[in-house]
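Read the structure below first, then the notes.
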Amino acid sequence: MSVPYETAAYEPAESPESPEEHLVRLLGRALNSFELPDETIRQLDRALAHDSSLYSAHHSAGLHRETYRHTWLLADGSALTLWELVHNTAQGGEPQHEVYVDEEELGAATARLPLPPDASDFELPVVVQLSPVPRPRHVYAPDDSPDHARRLLRRAENADRPGADTAALLTTAVAHQITQAFGRPCRAGRAGLCFSLYEHAFLLRDGQEVAFWEVEHTVTPDGRHMCEVYPSEDEAREAMERRASQVS
């Protein structure tokens, strides 16, 4: 037997919403949205990306309730979650939407619903538990990230630098972080050679994280600084080794 989940209020995958649009729709259908703290709304107004998923569901004797988890990624790399309760237990049987800032409030609201006990023979309880939304690896700052990506790729002089597909992908960047890389030693760090390695991490509009590695060095005929860009740290460090071997 299939469970008749209420899905009409949710956008299909082929029609993605911005974080702001999703928040507006959620608050617009929730009967108690006016109870949300103002600070929560201010934080969500600056969100970079969002994700929504069915968290749990219970269907029994014509009555149902579902809970949805809506998570937004904020500019400082943290995540903020709102919990939506959808049920048809009110008079008239029309779906009702409520929104809560934490699971404790959600649990209290769910416990008040007049649903039959789980022991009934005709029940079809369904519970779906989803894994936590992964936290981003970087702390991002929104600062005209597509322009930063363009400038990074434009100054790269290596023939195997990322191409047009990468440039197109990075036009959807909403934030980025630059980190000087240290760690694994290599011959390229020996005295007399000047090498620097940087990671440029980008957060895309859909929440995806991508990173590119910039090598700056002075192994050029006239000693000028040269920039190379690679799609992975391993490739960048291998390039540093190759450049170092040219003057061995």
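Read-outs throughout are calculated quantities, based only on the coordinates presented, and are distinct from any laboratory measurement. Since the model is a prediction, treat every value here as computed from it, not as a measurement. Counting neighbours? That spans all protein chains shown, and the Cβs are built from the backbone with ideal geometry, glycine included.
Annotations for the structure displayed:
- Difference of contour (0.36 nm per residue) and Cα-Cα distance, Arg224 to Ala167: 17.9 nm
- Environment charge of Ala141, counting only residues whose C-beta is closer than 13 Å and scoring Lys/Arg +1, Asp/Glu -1: -2
- Leading residue at positive end of dipole, the range 19-126 (Cβ point charges), from Pro95, His50, Leu106: Pro95
- Given R0 = 45 Å, the distance between the Cβ atoms of Val139 and Leu63 translates into a calculated FRET efficiency of 0.50.
- Computed label-point distance, nm, for sites Arg25 and Leu54 using a 7 Å Cα→Cβ extension: 1.7
- Across the range 29-105, Cα pairs under 8 Å and at least six residues apart give a relative contact order of 29 percent.
- Cα gyration tensor category, rounded, prolate or oblate, for the range 145-245 with a/c compared to 1.5: prolate
- Proxy reagent accessibility, fewest Cβ within 10 Å first, across Trp83, Trp72: Trp83, Trp72
- Measuring r between the beta carbons of Asp147 and Leu36 and using R0 = 30 Å, the FRET efficiency lands at 0.30.
- Rh by Kirkwood over Cα pairs, then Stokes-Einstein D for the range 19-126 at 0.692 mPa s and 37 °C, µm²/s: 222
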